[in-house]
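The values are calculated or read from the model by the stated rules, or taken from the named source; none is laboratory data. The shown structure was predicted, so the numbers you read here are calculated from the model rather than taken from an experiment. A quick note on method: Cβ atoms are made from the backbone with ideal geometry, for glycine too, and the neighbour counts reach across all protein chains shown. Note: areas computed on protein heavy atoms with side chains; ligands, DNA, RNA excluded. Shrake-Rupley method; radii C 1.70, N 1.55, O 1.52, S 1.80 Å.
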Amino acid sequence: MLQLESIHHEGDEGGGSAASYHLLRPTGELDAYTVAQFREALASHAASGRLVVDLCGVPFIDSAGLGALIGGIRRIRENEGRVVVHCDGATLLRLLHTTGFDRIVPVKETLEAAVAALDDDAAGS
């Protein structure tokens, strides 16, 4: 079963991260059985502007899940949005690196680095 948490973080007035962003946090396996739910959640963020997808609670992702993630990122970018992936699991990080995913989307091992990367030029390209 896949759990999805969606959080909107407001920007700090006094110095921290200046801009607001959305956080989408799936928990559970992203596979052919759960991909429709994940795709729908990504689609709901197509106009969010700034999104961090937190994959720390995802122990496994198959090609359907990876395809949904790439499709969701494409839609967000078509709306001039920025996306960064937060992932700290060695297995998933290796998958994202091996597939070349980390060359098209910034992948950061801490949430703070992911949020900071939303402001990097590479996050929006």
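Please name whichever of Leu24, Leu92, Thr34 sits farthest to the positive end of the charge dipole of the chain, dipole taken about the Cα centre and charges placed at Cβ: Lys and Arg +1, Asp and Glu -1.
It is Thr34, whose Cα lies furthest towards the positive end.
Just by accessible area at a 1.4 angstrom probe, what is the order of His86, His8 from largest to smallest?
His8, His86
Starting from the amide H of Val58, placed 1.01 Å from N in the peptide plane, find each other amide H under 5 Å away whose residue is 5 or more places distant or on another chain.
Hits under the 5 Å cutoff: Gly28.
How much accessible surface area, in Å² rounded to 10, belongs to the heavy atoms of Asp54 with a 1.4 Å probe?
Asp54 exposes around 10 Å² with every protein chain in place.
If you take every residue apart from Asp62 with its C-beta less than 10 Å away from the C-beta of Asp62, what net charge results, scoring Lys and Arg +1 and Asp and Glu -1?
Local net charge: -2.
Suppose only helical runs count, i.e. DSSP H with n ≥ 4. What mean residue ellipticity at 222 nm does that imply for the chain under -39500 (n - 2.57) per run, divided by all residues and rounded to the nearest 500 deg cm²/dmol?
It comes out at -10000 deg cm²/dmol, rounded to the nearest 500.
Just to make sure I understand: if all protein chains stay in place, what is the order of Ile7, Ile73 by accessible area at 1.4 Å, largest first?
So the residues, ranked largest to smallest area, are Ile7, Ile73.
I need the shape label for region 58-114. Rule: rounded when a/c is under 1.5, else prolate if a/b > b/c, else oblate, with a, b, c from the alpha carbon gyration tensor.
Verdict is oblate for region 58-114.
With charges only on Cβ, +1 for K and R and -1 for D and E, what is the dipole size of the chain about its Cα centre, in debye, rounded to 20?
Taking the Cα centre of the chain as origin, the dipole is about 420 debye.
Based on Cβ point charges of +1 for Lys and Arg and -1 for Asp and Glu, what charge dipole magnitude is obtained for region 53-99 about its Cα centre, in debye rounded to the nearest 20?
Charge dipole, region 53-99, about its Cα centre: 120 debye, nearest 20.
Which order do Phe101, Phe60 take when ranked by solvent-accessible area (1.4 Å probe, heavy atoms of all protein chains), largest first?
Solvent-accessible surface, decreasing: Phe60, Phe101.
Near Leu93, within a Cβ-to-Cβ distance under 12 Å, what is the net charge of the other residues, with Lys and Arg +1 and Asp and Glu -1?
-1
What angle do you read, to the nearest 10 degrees and between 0 and 90, between the alpha-carbon axis of helix 63-78 and the longest principal axis of the chain?
Value to nearest ten degrees: 30.
With a ≥ b ≥ c the root eigenvalues of the C-alpha gyration tensor of region 1-117, is it rounded (a/c under 1.5), prolate (a/b larger than b/c) or oblate?
prolate
Once you put a point 7 Å from the Cα of Leu111 and another 7 Å from the Cα of Asp31, both along the Cβ direction, what distance in nm separates them?
2.8
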